[in-house]
Amino acid sequence: MDIIYKLDKTSDIPLYIQIQNHIISNIKKGNLKNGDKLPSQRELAKLYDVNRSTVVNALDELISKDILESKTKRGTTIKDDTWSILSNQNNLNWMSFAKSGSFYPNLNTVRTINEYDNKNLIKIGAGELSDDFFKKDIMETILNDMKVNINSLKYENAKGSYELRLLLCDYFKKIGIKNINPDKILIVSGALQALHLISIGILNRNSTLLTEMPSYVNSLRVFQSADVNLYGIKMDENGIITKDIKKAKRISKASLLYTIPYFHNPTGVSINEKRRDELLKICNDLKLPIIEDDTYRELYFDKPYKPLKAYDKNDLVLLTGSMSKILFPGLRLGWIVGKEIIIDKLADLKMQIDYGTSSLSQEACISLFKKNLLKKALDENRKELKNKRDYMLKILNMYFKDIASWNRPNGGYYIWVKLNRNISLKKLFDNALKNHILIHPGDIYHHSMKNHIRLSYSHASYEEILYSLKTLSKLIQIQNH
């Protein structure tokens, strides 16, 4: 393989695609042949002078195109019959278009999870509420209220319905966020769109985002597709290890820090008060803005928490939230709260993308707040989620105590299971599917988490939790022998 190759970091072609093109060029030239082994991801990152995550993205894409294959013992190799795949070009090859574009495809495992998500499987790792949590009575009240009060469904203001933003101001004040006004709020189509807008609206290409390690954003392509690099900071049982932030900022020259401080996805960990104060002080000193993902905080079991934004005295924090995790997943309504100049920029960008969040969803949310229905719904959901957490912990203690360790979350959806020995998560994933169980392997949240599984008690029934954990325990022990 010709390794004397410099990527063009000024080009409009994403770096991961340049790496793909270089590897394909070496195959076509005959420099790489069927069965040849590529250098390790770390070596390739050094050779190409890029982040390791960029190399992982390039290799994943070539694996999905059947050009490379990954084998546990041999590493990444050129797949048999690759030449015929590359040389079989039609005059118009729509497949090449389908596999092009600036937006990265999902990781292979994530694509499989999404593919099977609506099939009749037990979703023991799903990050959503099951139909059992659906508040039909509340939805009927909302719909009846809308039937009486809606006279049109016009386009809303660029930032969203003014009435809804006023109601959100009241909500935010109750949870400790002061100096809030409607102009500091942008209504978006879910928290995921909030991250998308931030990634393309206020971050430059080749900039770096600090994240917890592992992190939800590692399972997405939102930031990577905008050519934003991710730099992980380790966590422990008290949240992000704040003493590592300064060094990480110096090494990576990061522009922002992304955190899920409460009931973290995927670990379920919540930041404690000492770390919270340290995080804000360090980021203030470094002038490092924070993206606070606040999607799970309302799902506390023991005591309520204030968001980081409530302690933010210098407008350092950009807060994102959503109705999806706490009540109605399909409502697709969320918000961004921050400095007015940033909200103005993101609102303009959102208008270019979709001309505003659904007016119908905004009217539903207005009714939810005006009728004071949110507290009742959340109280019911917290109680049931806590019961299901306790049940899952009980079953884990029955079937996993000799093969794994895990945390005890005090809210949210997730239990982060660490296996005592490394096994093939790919094999476990495939064998679980054969038993009608859909799991979330830890390595989709960071490539180093090869002996972790994200479990969720928000979607599976009690019977499904018992069957799934009993079956997974057997599959893991079979691999251990």
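Values quoted throughout were computed directly from the atomic coordinates according to the rules given, and no laboratory measurement underlies them. Fair warning: this is a prediction, and the values are worked out from it, not measured in the lab. Positions of Cβ are backbone-derived with ideal geometry, glycine not excepted, and every protein chain shown enters the neighbour counts.
Side notes on the structure shown:
- Packing here is the average count of other Cβ atoms within 10 Å per residue, and on that basis the peptides 120-126, 186-192, highest first, run 186-192, 120-126.
- With the simple model of a label 7 Å out from the Cα in the direction of the Cβ, Asn407 to His436 spans 3.2 nm.
- Note on the chain: helix-only mean residue ellipticity at 222 nm, from DSSP H runs of 4+ residues weighted -39500 (n - 2.57) and normalised by residue number, equals -13000 deg cm²/dmol.
- Highest average first, the peptides 242-250, 46-54, 314-322 ordered by how many other beta carbon atoms sit within 10 Å of their residues are 314-322, 46-54, 242-250.
- The slack between Asn238 and Asp348, meaning 0.36 nm per residue of separation minus the straight C-alpha distance, is 35.8 nm.
- Within the chain, antiparallel bridges make up roughly 60 percent of the DSSP beta bridges whose residues both belong there.
- Cα gyration tensor category, rounded, prolate or oblate, for region 383-477 with a/c compared to 1.5: prolate
- Using the average count of surrounding beta-carbon atoms within 10 Å as a protection proxy, the listed peptides 254-262, 5-13, 429-437 rank, highest first, as 254-262, 429-437, 5-13.
- Ordered from longest to shortest, the equivalent ellipsoid semi-axes for the chain are 37, 28, 23 Å, each the square root of 5 times a Cα gyration tensor eigenvalue.
- Distances between placed amide hydrogens fall under 5 Å for Ala404 paired with Asn420, all partners being 5 or more residues away or on another chain.
- Applying the Karplus relation 6.51 cos²θ - 1.76 cosθ + 1.60 with θ = phi - 60° to region 42-59 yields 3J(HN,Hα) values of 5, 5, 5, 4, 5, 5, 8, 6, 9, 5, 4, 4, 5, 5, 4, 4, 5, 5 Hz, where x marks Gly and Pro.
- Under 17 Å from Lys253, Cα to Cα: lysines that are on another chain or at least 8 residues apart: Lys9, Lys243, Lys287
- Separation of alpha-carbon centers, region 228-259 and region 100-153, rounded to whole Å: 31
- Other-chain or far-sequence residues with amide H under 5 Å of Ile437's (modelled H): Ile122
- Too-long pairs where the Cα-Cα distance tops 19 Å, listed order kept, from Lys173/Lys350; Lys313/Lys339; Lys234/Lys339: Lys173/Lys350; Lys234/Lys339
- Site pair Asp277 and Lys375 shows an inter-label distance of 3.0 nm when each label is modelled 7 Å from Cα along Cα→Cβ.
- Normalised by the number of residues in the chain, the average gap of Cα pairs under 8 Å and 6 or more apart makes the relative contact order 19 percent.
- Unsatisfied cross-links (Cα-Cα over 19 Å) in the set Lys28/Lys426; Lys154/Lys184; Lys274/Lys306; Lys33/Lys71; Lys174/Lys376; Lys136/Lys325: Lys28/Lys426; Lys154/Lys184
- In Hz, Karplus ³J(HN,Hα) per residue of region 304-318 (6.51, -1.76, 1.60; θ = phi - 60°; x = Gly, Pro): x, 10, 8, x, 3, 4, 5, 9, 7, 8, 10, 6, 7, 9, 9
- ³J(HN,Hα), Karplus 6.51/-1.76/1.60, whole Hz, each residue of region 434-441, x for Gly, Pro: 4, 9, 6, 10, 10, 10, 10, x
- What separates the Cα centres of region 288-336 and region 355-385 is a distance of 15 Å.
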